[in-house]
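For reference, the structure discussed in these notes is given below.
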Amino acid sequence: MAPNISSELGEFIRGNDNFLLLTHEKPDGDALGSLFGLFTVLRENGKKADAFLPEQPPMRYASFVPDGIMIGTSPELGSYSWILCLDTSLPDRLGVDKSAKEKITSCPLVNIDHHPDNKLFGRANFINSESAATAEIIFRALNDSCEMRISRKAATALLIGIVMDTGGFRFDNTKTSTFNAASDLLALDADYPRIINTMFFSQPLGFVRMSAELILNHVRMACSGRYAWMYLSDEILKRHGVDKKDTEMLIDSLRQIEGVEIAVVFYRKDDGFKISMRSKNKKYSVAKIARILNGGGHELAAGGFMKTDNISEVENKVLSHVTGILEEN
């Protein structure tokens, strides 16, 4: 943990009240684990706190949603003393409706995140890019500096954030501090077996069949097998009865292919295409590509967006950037 961040965040949480918790649109495991965990701790320790999601979370997280989470219509932002923005690198990515986004930067924002490209948009910014997950930052502040009770339910949620952003402790953002945080959460009775079984060993049959079809018929390779990608079309999703938000881990089927250095999944979003990127080696930075393509993220995990109706245009654009990165290293 970066010097003073844990104690300063803990002091802030301890000394304030009336919080609204938000995270980024299309939240992943770290976003949801951080939101669920901090919300639970605040309420169980007598703080006034609400947490909001614009839609139901992906299926694998449904059984972990705490009672009292607001889902659907954005809350009235002006009724809160502080808005805690979790795991979100810039305010435009916050999961609120358009009218709320137009007001959000005038609100009292507190920014808690681990993305290296965070825009420091809060009145207070608690950023540590050395942490494996935002949930790790929150846990350290609560446990080490805030002296708040962390129940089994809260510990489980925070451990979800760490587990998912490290890929089950497989990715190279896993450090000694990561294992120490996970160990301390286990000591608080976090339900690790339930997390692992739900996150990694429980996929709907429709998703398994869709993955098989994509691998058999839709994987494309370039750069002598060092780059793999596929387009996840709405038609394929519909045919297999899979919701797009439940495809968070699909990209791992590409990343695990021997010889692949960079993996990408494309899918339709609004008036363009979302680009989800992963790399196996920090010298092949997908964050560098993402920043060119209206996005950002980590060196090994990032996302971008292109506004167009032509998937071939998007694929060719990304291919040119990936080729350049692979050829220069």
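Please treat every number below as a calculation from the coordinates, not as lab data. What you see is a predicted model, and the numbers here were worked out from it, not measured in a lab. Cβ coordinates were reconstructed from backbone atoms using ideal geometry, including for glycine residues, and neighbour counts include every protein chain displayed.
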Task: Taking the stretch 80-135 and dividing mean pair separation by its residue count, relative contact order in percent (alpha carbons under 8 Å, at least six apart) - done: 36
- [ ] Give me the lysines in straight-line cross-link reach of Lys283: C-alpha distance below 19 Å, same-chain residues under 8 apart excluded.
- [x] Lys175
TODO: At q = 0.13, 0.14, 0.17 Å⁻¹, what is the base-10 log of I(q)/I(0) for the stretch 205-327 according to the Debye formula with one equal point scatterer per Cα and no solvent? Please give it to two decimals.
DONE: -0.47, -0.54, -0.81
- [ ] Taking amide H positions as placed in the peptide plane 1.01 Å from N, state which residues far from Gly295 in sequence (5 or more) or on other chains have amide H under 5 Å from it.
- [x] Phe305
TODO: Could you tell me what percent of the DSSP beta bridges with both partners in the stretch 5-200 are antiparallel, to the nearest 5?
DONE: 5
TODO: Would you mind computing the Rg to Rh ratio of the stretch 40-142 from its alpha-carbon coordinates, Kirkwood style for Rh?
DONE: 0.94
Task: Phi-based couplings in Hz for the stretch 118-125 (Karplus 6.51, -1.76, 1.60; Gly and Pro marked x) - done: 4, 8, 6, 8, x, 5, 10, 10
Open item on the list: Taking amide H atoms as placed 1.01 Å from N in the peptide plane, list the residues 5 or more away in sequence, or in a different chain, whose amide H sits under 5 Å from that of Asp191.
Closed with: Thr156
TODO: At a temperature of 10 °C and a viscosity of 1.306 mPa s, determine how fast the stretch 84-219 diffuses translationally according to Stokes-Einstein, using the Kirkwood radius over alpha-carbon pairs as Rh; express D in µm²/s, rounded to the nearest whole number.
DONE: 94
Task: Eligible aspartates and glutamates near Lys269 by straight Cα distance, threshold 14 Å, same-chain separation 8 or greater - done: Glu25, Asp234, Glu235, Asp243, Asp309
TODO: Give the share of C-alpha pairs in each 5 angstrom bin for the stretch 5-200, from 0 to the last occupied bin, in whole percents, shortest bins first.
DONE: 1, 8, 18, 23, 22, 17, 8, 3, 0
TODO: Based on other C-beta atoms within 10 Å, arrange Glu147, Glu136, Glu213 from fewest to most.
DONE: Glu147, Glu213, Glu136
Open item on the list: With equal scatterers on the alpha carbons only and no solvent term, can you work out the Debye log10 of I(q)/I(0) for the stretch 107-161 at 0.16, 0.28 1/Å?
Closed with: -0.53, -1.10
Open item on the list: Using the Cα centre of the chain as the reference point, and only Cβ charges (+1 on K/R, -1 on D/E), how large is the resulting charge dipole? Debye, rounded to the nearest 20.
Closed with: 280
Open item on the list: Checking the cross-link filter: which lysines have an alpha carbon closer than 22 Å to that of Lys119, excluding same-chain neighbours under 8 positions apart?
Closed with: Lys26, Lys98, Lys101, Lys103, Lys274, Lys282, Lys288
- [ ] On a C-alpha basis, how far is the centre of the stretch 155-209 from the centre of the stretch 71-120 in Å? Whole number, if you could?
- [x] 26
Task: 38 Å tail of the calculated P(r), the chain, as % of Cα pairs - done: 13
Task: Spherically averaged projected area in nm², based on the convex hull that wraps the Cα atoms of the stretch 121-200 - done: 5.7
TODO: Name the long-range amide H neighbours of His218: under 5 Å, sequence gap of 5 or more, or other chain; modelled H, no Pro or chain starts.
DONE: none
Open item on the list: Which order do the peptides 277-289, 166-178 come out in when sorted by mean C-beta neighbours inside 10 angstrom, highest first?
Closed with: 277-289, 166-178
